[in-house]
Structures are given as structure tokens and as C-alpha cells.
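Peer 1: Got a structure here, written out as C-alpha cells. Questions coming.
The values are calculated or read from the model by the stated rules, or taken from the named source; none is laboratory data. Just so it is clear, the model here is predicted, and its values are computed rather than measured. With ideal geometry, Cβ positions are generated from the backbone for all residues, glycine too; neighbour counts draw on all protein chains shown.
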Amino acid sequence: MNTAGVAIVILNFNGKFFLEKFLPGVLKNSSGHKIYVADNGSSDDSVKFLSANFPQVTIISIKDNCGYAQGYNIALKQITADYYVLLNSDVEVTPNWIEPIIELMQRDMKVAACQPKLLDFKERATFEYAGASGGFIDTYGYPFCRGRIFNSLEKDNGQYNDSSEVFWATGACLFVRSKAFWEVGGLDNDYFAHMEEIDLCWRLKNIGHTIFVEPRSTVYHVGGGTLNKLSSRKTFLNFRNNLITLTKNHSPNFLFFKLFYRLALDGIAALKFLFSGQPKHFWAVIRAHFAYYWLLPQTLLKRKELKTISNFKYCRSFVYNGNIVFDHFLKGKKKFSDLEKERFFKH
């Protein structure tokens, strides 16, 4: 096992195509760092392919497909390193993609997690949906990014090239300090996939850590992104997990009101799906709400447990004090730069 430094961990599920395409670049541009592939119970011949073609990669076999959250938790418990890099199999890395981020995290010990600039693999001058140049949320828990608000993706003209504190870092390429990761209990297994990195970053912030983006490091993500391309399963997970994240991590102030408001807006979104001929997505939102209610006692228990961690204090720094839904869809604010800087909490 790797005893120090950086461990690059790729979670794989039936992703032989992506491993074949992107793993050689990871190996080429990550010299001196240990690379792991955690196989999440793949039914294709991913493991056989890896063993035959990449003997320098350590394979961690997981019996079943446990999803992103539990799959990474199982794998990372078997790895000893100062820093984990949670890297999607559909990411193309570039030369010098590791060093700028590790330098930043070594310079500032408060930084628990960091991401590179995330660009679209196909539209290479465009920010990619999953994280762009750093993630934020609004006061109601809706996520957005520097370079991406809902489905409005900006071109990368260097406008967000500054290293900056953000609210959350993308799970597609997440650098995280191992000690901090386990300090908050790792990823939440109940999420399966989607929003778990936002939940993790919020928990880290609530015990005094900070989250950064370092655009001197750039990667290209294949991803998916736009809602009409998502399966109803992804819609279900996004809506359910977002409500859970807000319930777990938001301060008590106005939380009940915000949850009620969010449930109402989700209902409007569900009707929009229905009237636009997407009944599966309509039912996915309804099922997400019932699943949220079912998990509510468990979620409240987790909320209580988080408060027992030392240095715990509800954090709202870099939360947008507004409603990004209204600002985007009604006021026409398509770009991150359209948002007033003074509306972001700094404490």
C-alpha cells in the first residue's frame, strides 16, 4: 500500500472503454504517484483488461456495485496516503495536473478539498457541467458553478483562472486531504451517487476547513450534464440527495421554511417534466420526496452526530444569498459573473 503522498483512485463500473481511452494519459501525467482502480462489481471484462494491460495499476475489487459513495469509502479504507484524488474514469488529465493543487493544499493546511478547472472533453473551450471552475450553492441549496448555472455553460476565456475559495469541489476530480476525509466520516453511503461531494464539502466546511479550485490544473470531462439526457434514476438521486444535504448541513435558522419552499419548487419542476412529456422524470421527483421522508429520521440522526465533531460550527461562507432559480430563469442571469459578488456570504 502507498504510505504517503498522493493516491489516484479511479472508481470503475463497466467502464472498460473509458479505462482504455483515458488511463494511459493518467499514467503518463502522474509519474511518481500510485494509481488504483477500484472496480465496483463490473460485469464487463474491465478487471481482466486492467490485469493484462496495466500491471502497474493496483486493482481493488468490490463485490457489488455500491455506487460512488460507498464504493469510494470501501476502496479508500484500503489505501494509506496524505491525499486522495477521486478521479472519474471519463476524465482526460493534462501535464502538471497534480502539482498545482498539492502545492496549494500544502501551503494552506485549512484547505481540505480542491478541484482543477473542469472543461468539456468534446467542446474543449467550454466549461463542463459537473464542476466547471468551482462549485457554489444558493441559500436554498441549489448548486451551480463558476462557469455553469443550471444548463447554461460558459466558454472558458480565462475569466475564472484565479485560484479561489468555493463552496464545493467536483466529485469528477476531487483532491481531498485523507485525514479530513475520515474526520467527517467519508462519503455518505446512503447517497449512492450524485450530490455526495457537495455533502462532503459542506461537512468539511462545518468543522472549519475550506474548499478551493485551482485552475492552473486543467482536466477534460466527458460527463453528461443536461437534464433531458439523464435517466430517471439520476433525477431521483439528484432531487432526493439535494434535500438530504440541505437537511443534514444547514443551520437551524429558517431551515424548515427553506425545506418547505424547496419541496414546493420541486413540485413545480415535477409538473414541468410531466407537461413536457417526461412522465418518468415526474415520477422520479415524487419518489425522491417519499424517499426523503423515509430517510428523514436517519438524516436527522446524522445531523446530530455531525455536531459532536470538534470545531463544529454551521458555515455559510461562499453561499449565494439569493434564489439562483429566480435569478437565472426569471432575471436572465446566465453567467456566474452576472451575480453580484456582495451577495455571497464571507463568514
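Peer 1: Among the residues of region 95-104, are any in contact with a Ser or Thr (Cβ under 8 Å, 6 or more places away or on another chain), part of a helix (DSSP H, G or I), among the β-branched types (Val, Ile, Thr) and modelled with pLDDT of 95 or more?
Peer 2: yes
Peer 1: Can you name every residue in region 262-292 that is among the aromatic types (Phe, Trp, Tyr) and either exposed (fewer than 12 other Cβ atoms within 10 Å of the Cβ) or modelled with pLDDT under 95 (or both)?
Peer 2: PHE275, PHE290
Peer 1: Next up: Inside region 87-119, can you point out the residues that are among the polar types (S, T, N, Q) and under 17 Å from the mean Cα position of the chain (by Cα)?
Peer 2: ASN88, SER89, GLN115
Peer 1: Kindly provide the set of residues from region 158-169 that are more than 18 Å from ASN206 (Cα to Cα) and either touching a residue at least 12 places away in the same chain (Cβ under 8 Å) or part of a strand (DSSP E or B) (or both), ordered by number.
Peer 2: Hits for region 158-169 are GLN159, TYR160, ASN161, ASP162, SER163, SER164.
Peer 1: Still on this model: Could you tell me which residue of region 105-123 is surrounded by the fewest Cβ atoms within 10 Å (Cβ to Cβ), considering only residues that are outside any loop (DSSP other than H, G, I, E, B) and free of Cβ contacts under 8 Å to residues at least 24 places away in the same chain?
Peer 2: ARG107
Peer 1: Give the number of residues within region 302-330 that are part of a loop (DSSP other than H, G, I, E, B), more than 20 Å from ILE198 (Cβ to Cβ) and free of Cβ contacts under 8 Å to residues at least 24 places away in the same chain.
Peer 2: 2
Peer 1: What is the residue count in region 26-52 for residues that are in contact (Cβ under 8 Å) with a residue 12 or more places away in the chain, part of a helix (DSSP H, G or I) and either touching a Lys or Arg at 6+ places or on another chain (Cβ under 8 Å) or more than 16 Å from LEU86 (Cα to Cα) (or both)?
Peer 2: Number of matching residues: 4.
Peer 1: Among the candidates ASN14, ASN65, which residue alone is in contact with a Ser or Thr (Cβ under 9 Å, 6 or more places away or on another chain), in contact (Cβ under 8 Å) with a residue 12 or more places away in the chain and on the phi > 0 side of the Ramachandran plot?
Peer 2: On inspection, the qualifying residue turns out to be ASN14.
Peer 1: Follow-up. Can you say whether THR245 is among the β-branched types (Val, Ile, Thr), under 21 Å from PHE192 (Cα atoms) and either in contact with a helix residue (DSSP H, G or I) (Cβ under 7 Å, 6 or more places away or on another chain) or buried (at least 18 other Cβ atoms within 10 Å of the Cβ) (or both), as far as the supplied structure shows?
Peer 2: yes
Peer 1: Something else now. Look at region 146-201 and say how many of its residues are touching a Ser or Thr at 6+ places or on another chain (Cβ under 7 Å) and closer than 16 Å to PHE318 by Cβ.
Peer 2: 7
Peer 1: Related question: In the set PHE17, PHE22, which member is within 24 Å of the chain's Cα centre (by Cα), part of a helix (DSSP H, G or I) and surrounded by 14 or more Cβ atoms within 10 Å (Cβ to Cβ)?
Peer 2: Exactly one residue qualifies, and that residue is PHE22.
Peer 1: In region 331-344, what residues are at pLDDT 95 or above, part of a loop (DSSP other than H, G, I, E, B) and at negative phi?
Peer 2: Hits for region 331-344 are LYS331, LYS333, LYS334, LYS335, LEU339.
Peer 1: Would you please name the residue that is nearest to LEU118 (Cα to Cα), looking only at residues in region 181-197 that are hydrophobic (A, V, I, L, M, F, W, C) and touching a helix residue (DSSP H, G or I) at 6+ places or on another chain (Cβ under 6 Å)?
Peer 2: Out of the qualifying residues, it is MET195.
Peer 1: Can we say PHE254 is within 29 Å of LEU187 (Cβ to Cβ), aromatic (Phe, Trp, Tyr) and touching a residue at least 40 places away in the same chain (Cβ under 8 Å)?
Peer 2: no
Peer 1: Still on this structure: Kindly indicate whether VAL285 is over 30 Å from VAL93 (Cβ atoms), out of contact with any strand residue (DSSP E or B) (no Cβ under 6 Å at 6 or more places or on another chain), of a type in the set (A, V, I, L, M, F, W, C) and touching a residue at least 24 places away in the same chain (Cβ under 8 Å).
Peer 2: So VAL285 fits the description; yes.
Peer 1: Looking only at residues in region 186-219 that are over 16 Å from the mean Cα position of the chain (by Cα) and assigned to a loop (DSSP other than H, G, I, E, B), which one is surrounded by the fewest Cβ atoms within 10 Å (Cβ to Cβ)?
Peer 2: GLY208
Peer 1: Among GLY223, GLY277, which is under 18 Å from the mean Cα position of the chain (by Cα) and at positive phi?
Peer 2: GLY223
Yes/no matrix, rows are residues, columns are (1) more than 14 Å from HIS221 (Cβ to Cβ); (2) of a type outside the set (D, E, K, R):
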{"residue": "ARG107", "(1), (2)": "yes, no"}
{"residue": "VAL111", "(1), (2)": "yes, yes"}
{"residue": "ARG146", "(1), (2)": "yes, no"}
{"residue": "PHE167", "(1), (2)": "yes, yes"}
{"residue": "GLY171", "(1), (2)": "no, yes"}
{"residue": "PHE175", "(1), (2)": "yes, yes"}
